[in-house]
Amino acid sequence: MAQDDLFKKLIAHAKEYGFIFQSSEIYDGLSAVYDYGQMGVELKNNIKKFWWEAMVKMNENIVGIDSAIFMHPEVWNASGHTSAFNDPLIDNKDSKKRYRADDLIEEHIQKYQAKIDKEVAKARKKFGDDFNKDQFLETNPNVLRNKAKINEIQDRLNGALESDNLDEIKQIIIDCGIACPVSGSKNWTDVRQFNLMFDTQLGSVAEGSSKIYLRPETAQGIFVNYLNVQKTGRMKIPFGIAQIGKAFRNEIVARQFIFRMREFEQMEMQFFVKPGTEMEWFEHWKDLRIKWHQAMGLPTEKYRFHKHEKLAHYANAAYDIEFEFPFGFKELEGIHSRTNFDLSQHQEFSGKKIQYFDHESGESYVPYVVETSIGLDRTFLTILSAGLKEEEVKKENGKSDTRTVLQIPPALAPIKLAVLPLVKKDGLPEKAREIINELKFDFTCQYDEKDSIGRRYRRQDAIGTPYCITIDHTTLEDNTVTIRDRDTMQQERVDINSLAQILDDKVSMKKLLKKIF
Ligand code: ATP
């Protein structure tokens, strides 16, 4: 399936099967805001659980918190968000479409990269086994020309962003001849800065109210609670604080479904370390986070690290984990070494001493921070986009058919077991209920008696249920059922008493965690 078609199909599928709905859909929706439906919320909760357990349960030096969305307005002055949480925006005067100016330039740069990739593919075909990619990249004149172009534009963009030079950003767009993808024209407005934070008023009377923000990231809730947690939890450095929660950003261009939303969820962990040890911990977390992703079993080639060449002024190392979404490789998670910037800022702005006293060495210091920050919704999208498949299946009469199956990691599937009585009579529904009543304490089960067995299997495939069991007349005689595997579609007759063990082997969260720890 072409990637564009796959993405459209994915969005339609997510709606049809109760994973994701547009917010306020009966009022024609609200742009870039989405609701999770009956299946979506289960999958989302399972992802959260997998992340939370991998952080808080598996590491004795990591604890969790749940801080408020509203925070004291001074927090955002200290963190730099009020002055610097901006994106440069530009409008096309003909199409009236608004863009992130840096994104337009980045996309233009990617065209040169695509040319390089094409040259490589061509050469690989020509030279076969003898092809030496590294050598080719270093010597081929076309590649070198395109590389030089990329470096030139990237350097100009980095310089302009660093020095906040909006005129220069516009000049790059003009010099590169970038046209509006909608109107095709190069009739651009000037570039302006746009702050991404949503604000609102705290307090009911106009004069007494003050402007506060909906948090644009969960991390600040962790920083301002550093002392509370360290003291009350008697935490010793190195230690981490984890949090899952909503964040809000008034994104300029919010397209691509749940990839870029205005209200979304983050899963962040800030790891506090002794200054000078941060690179060691940075490598540790980089390694552990990619293992977490790979434990889910999505294709490994869909992940890659992207090193930040241009670092924020307070950071001394930063990598993104990128995933190949249907619209290309994009950021899924950030791993950043943030020095002591955040805690020092809060120390200065709050006037409270935020330090750690190391009993062993007798020193006091402001801890350094290594953070891992991942979008929950983007993780959800990786699972849907890698899992949604259309497969040819052979029918019993020899003809072929297609089935849509969601091959998501079994431990994260919304429903673990579908229980299907072959017919709606002869005591089979009662037997099915009996089995559910036994298993429902450990596994999310669904009962379904409507339509043919084949159609019921298809419905479960479409929501990613790893196992279906069928209750037939033999069940009443010998206490066995047929169990069908979502991926192989193989059926096996097993004793009802063995079901809990079979399910547990396949769907337990422990199995995922054991791949990492
Ligand atoms: P981007 O460059 O894509 O805007 P970012 O670098 O601003 O992302 P961070 O501030 O590092 O993102 O946030 C950490 C994570 O939160 C991201 O890796 C991403 O998974 C998620 N995230 C950020 N913005 C959004 C959004 N608008 N919608 C959904 N998830 C988001």
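The values are calculated or read from the model by the stated rules, or taken from the named source; none is laboratory data. Just so it is clear, the structure is predicted and the values come from calculations on it, not from any experiment. Cβ: placed from backbone, ideal geometry, glycine included. Neighbour counts: every protein chain shown. Just the protein is used for accessible areas: all its heavy atoms, side chains included, with ligands, DNA and RNA removed. Shrake-Rupley method; radii C 1.70, N 1.55, O 1.52, S 1.80 Å.
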Per the 1/(1 + (r/R0)^6) rule, R0 = 25 Å and r from the Cβ atoms of residue 389 and residue 254, FRET efficiency to 0.05 is 0.35
Any of 291/511; 122/307; 8/93 with alpha carbons more than 21 Å apart? Name them for me. 122/307; 8/93
Could you work out how far apart the two model spin labels at residue 199 and residue 300 are, taking each label as a point 7 Å from the Cα in the direction of the beta carbon, and quote it in nm? 5.0
Amide H of residue 471: which non-local residues (sequence gap of 5 or more, or other chain) have their own amide H closer than 5 Å, using H built in the peptide plane? 420, 422
Rg to Rh for region 93-192: what is it, with Cα atoms only and Rh by Kirkwood? 1.10
Counting only C-alpha contacts under 8 Å and six or more residues apart, can you give the relative contact order of the chain as a whole percent? 14
Can you show me the helix-derived [θ] at 222 nm for the chain, built from DSSP H runs with n ≥ 4 at -39,500 (n - 2.57) apiece and divided by the number of residues, rounded to the nearest 500. -11500 deg cm²/dmol
For residue 447, residues with placed amide H under 5 Å, excluding near neighbours: 419
Contour minus end-to-end for residue 130 and residue 228, with contour as 0.36 nm per residue of separation and end-to-end as the Cα-Cα distance? 29.2 nm
Sort 66, 155, 461 from largest to smallest accessible area, using a 1.4 Å probe on the heavy atoms of the protein chains. 66, 155, 461
Using the heavy atoms of the protein chains and a 1.4 angstrom probe, tell me the accessible area per residue for region 409-516 in square angstrom. 48
When the Karplus curve 6.51 cos²θ - 1.76 cosθ + 1.60 is applied with θ = phi - 60°, which whole-Hz ³J(HN,Hα) does each residue of region 61-74 get, with x for Gly and Pro? 9, 10, 10, x, 9, 9, 8, 6, 6, 7, 9, 4, x, 5
Determine which residues of region 358-384 fall in the zone a paramagnetic label at residue 236 would reach in this model, i.e. backbone nitrogen under 13 Å from the point 7 Å along Cα→Cβ. 358-362
What figure, in Å² to the nearest 10, do you get for the accessible area of residue 426 with a 1.4 Å probe and non-protein molecules left out? 90
Counting only protein heavy atoms, what percent of the accessible surface of the chain is carbon or sulfur at a 1.4 Å probe? 47
Determine the order of 36, 457 by accessible area, beginning with the largest, at a probe radius of 1.4 Å. 36, 457
Of region 491-510, those with amide N under 20 Å from the point 7 Å along the Cα→Cβ vector of residue 438 are 492-508
Once both labels are modelled 7 Å past Cα along the beta-carbon direction, what's the residue 488-residue 94 spacing in nm? 5.9
Where 293, 284, 336 fall by accessible area, highest first, once all protein chains stay in place (1.4 Å): 284, 336, 293
Residue 35-residue 175 pseudo-label distance in nm [points 7 Å out on the Cα-to-Cβ vector]: 4.9
20 Å binning of all Cα-Cα separations within the chain, expressed as whole percents from 0 upward: 18, 47, 30, 5, 0
With every protein chain left in place, what is the accessible area of residue 353 in Å² (1.4 Å probe, nearest 10)? 140
Dividing the alpha-carbon radius of gyration of region 409-516 by 2.2 N^0.38 Å (N being the number of residues), what value is obtained? 1.02
Using a 1.4 Å probe on heavy atoms of the protein chains only, the accessible area for residue 161 in Å², nearest 10, reads 50
Kirkwood-based Rg to Rh ratio, region 161-320, C-alpha trace: 1.03
One finds the C-alpha centres of region 253-276 and region 324-389 to be spaced, in Å, by 8
Name the helices (complete DSSP H segments) of the chain with a Cα length along the long axis of 20 Å or more and a Kyte-Doolittle mean of at least 0.0, or state none. none
For residue 62, residues with placed amide H under 5 Å, excluding near neighbours: 240
